[in-house]
1. Can you go through Pro153, Pro133 and tell me which one is surrounded by 18 or more Cβ atoms within 10 Å (Cβ to Cβ), of a type outside the set (A, V, I, L, M, F, W, C) and either touching a residue at least 60 places away in the same chain (Cβ under 8 Å) or out of contact with any Gly (no Cβ under 8 Å at 6 or more places or on another chain) (or both)?
2. Could you tell me which numbered condition Trp358 fails, if it satisfies all but one of (1) of a type in the set (Phe, Trp, Tyr); (2) in contact with a Lys or Arg (Cβ under 7 Å, 6 or more places away or on another chain); (3) surrounded by 22 or more Cβ atoms within 10 Å (Cβ to Cβ)?
3. Please give the number of the condition Ala257 fails out of (1) more than 23 Å from Gln128 (Cβ to Cβ); (2) without any contact (Cβ under 8 Å) to a residue 60 or more places away in the chain; (3) in a helix (DSSP H, G or I).
4. Filter region 256-283 for residues that are surrounded by fewer than 16 Cβ atoms within 10 Å (Cβ to Cβ) and at negative phi and give the result.
5. With region 302-392 as the region, which helices (runs of 4 or more DSSP H) entirely inside it contain at least 2 residues that are over 30 Å from Arg148 (Cβ atoms) and modelled with pLDDT of 95 or more?
6. From the list Ala76, Ala67, Ala51, Ala101, pick out the single residue that is part of a strand (DSSP E or B) and either over 13 Å from Asp408 (Cα atoms) or modelled with pLDDT under 95 (or both).
7. Out of Lys142, Lys170, I need the residue that is without any contact (Cβ under 8 Å) to a residue 40 or more places away in the chain, among the basic types (Lys, Arg), surrounded by fewer than 20 Cβ atoms within 10 Å (Cβ to Cβ) and not in a helix (DSSP H, G or I). Which one?
8. Quickly run through region 192-229 and pick out the residues that are assigned to a loop (DSSP other than H, G, I, E, B) and polar (S, T, N, Q).
Amino acid sequence: MMRKSTHGAAILVGIGLVWTGLSMQSPQAQAPAGGTVAFTNARVIDGTGGAAVEGATLVVSDGKIQAVGKNVTVPAGAMRIDASGKTIMPGIINAHGHLQADMSKRTARERLSNQLRMYADYGITSVQVLGLPLEDVPDGIKLRDESRPGGGPLDRARVLIAAQSLRNLKSEQEARDWANKYADMKVDIIKMHITGSPQDMTPAVYGALIDQAHKRGIRAAAHMLYLKDAKGLLDKGIDVLAHSIRDQPVDQATIAAIKSRDVEYIPTLTRDIAQFIYEGNPPYFTDAFFMRHIPGSYYMAEMSKLKDPANQEKIKKDQTAQITKTWLAQGRKNLKTLSDAGVTIALGTDTGTNEGQWQGYFEHVELEEMVKSGLTPMQALVAATGGAAKAANIQQQIGTIATGKQADLLVLTANPLADIRNTRQIDSVWIGGRRMATTNGTR
């Protein structure tokens, strides 16, 4: 289900899809720089879990939210947008994404920017990249810096960067050396792989990695699967659990450790689904919201392979694909348990690296799968906004609708609280107070 990357495999062999044809035009920001925009008569979901506000006015100027509520005065000269019947929520944040879907020979900046535009076109306004090939990191950091508030108009999603995930390190000093190297590269977070294999870092080694990251002012996230590994990581101070615990039910001691350490939990349900769903043709292969990016893109070749009966039969016989069904079922139960216990849940998908995990589209599927797992639509929306912002450590500026926050907004023509699939009913996407055009120049 994976393809090897040709981009730097010193620590983690990159995996990705071949982006053969997609040449996404830069969406043009539509609102004038510094101009004031006032949305009126809107339903506002603020990303905190508080009740939606009906008939609200939301004022945006200089890239920020200036006011929001039912009794807000529209400033003179503001561009008014009547949002009657529409819902405004924070832009979706993917707290676990990747930028390795485009493995073409174009420059790193072109490849990375195109994928960030893909995310933005689907309403994903920020992406925390949990693993980027080392040779792409300098360009990724430049794009990160440009996407920070005050960095100028954007034609793509904001981005946070982790370099290649670290795995199989042998000594505490090696771990500290890598933490220092990544800190010197100015990454936002350090990612590690703990897979349950005999080659894994020992707790002492990954503990040194986490400790040195913290000494350098950087958070640490972990790829993991097993409860025993999650316990060890929590004991050593991990900040983000980047996948579900899927082998057995979470116990009270683990719940208490996650809460006491204020760790964010990213279930990535769609990652597991993608391991086996291509036993046949998934229903979204005929979904217009998904299909609009098929023509002229690498999706055509990818879909052709995934529709191939021989490939589908291979997946049916694949042991890992089949056991993943069991892991997914346990992951769903653990998500519900942890959510009920008050753990911070953050939306993440692992898109942009493995086969059949579609950037932009799968974030909406993840929301739907969260609700199928027992979360309410509001809880799922909070995971995709305020919760994901916290997991990306950008919650002070992005992720909720409040005065002074960046105006990264998703305007919908239907209410996602009534049906979580309504996040796909996109009227417009706004980043830094500027309306983005779609990749074909509309919206």
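1. On the way: Pro153 fails: surrounded by 18 or more Cβ atoms within 10 Å (Cβ to Cβ).
Answer to the selection: Pro133.
2. (2)
3. Failing condition for Ala257: (1).
4. Initially, region 256-283 is screened for residues surrounded by fewer than 16 Cβ atoms within 10 Å (Cβ to Cβ), giving 256, 259-262, 280-281, 283.
Residues satisfying the conditions are Ala256, Lys259, Ser260, Arg261, Gly280, Asn281, Pro283.
5. On the way: elements: 309-317, 319-340, 361-372, 377-382, 388-391.
Correct list: 309-317, 319-340, 361-372.
6. Details: Ala76 fails: part of a strand (DSSP E or B); Ala51 fails: part of a strand (DSSP E or B); Ala101 fails: part of a strand (DSSP E or B).
Criteria check complete, one pass: Ala67.
7. Details: Lys142 fails: not in a helix (DSSP H, G or I).
Only one candidate qualifies: Lys170.
8. We begin by selecting, within region 192-229, every residue assigned to a loop (DSSP other than H, G, I, E, B); these are 194-202, 216-218, 224-226.
Matches in region 192-229: Thr195, Ser197, Gln199, Thr202.
The values are calculated or read from the model by the stated rules, or taken from the named source; none is laboratory data. A quick note: this is a predicted structure, and the numbers were derived from the prediction, not measured. Heads up, the Cβs are rebuilt from the backbone with ideal geometry, glycines too, and the neighbour counts pull from every protein chain shown.
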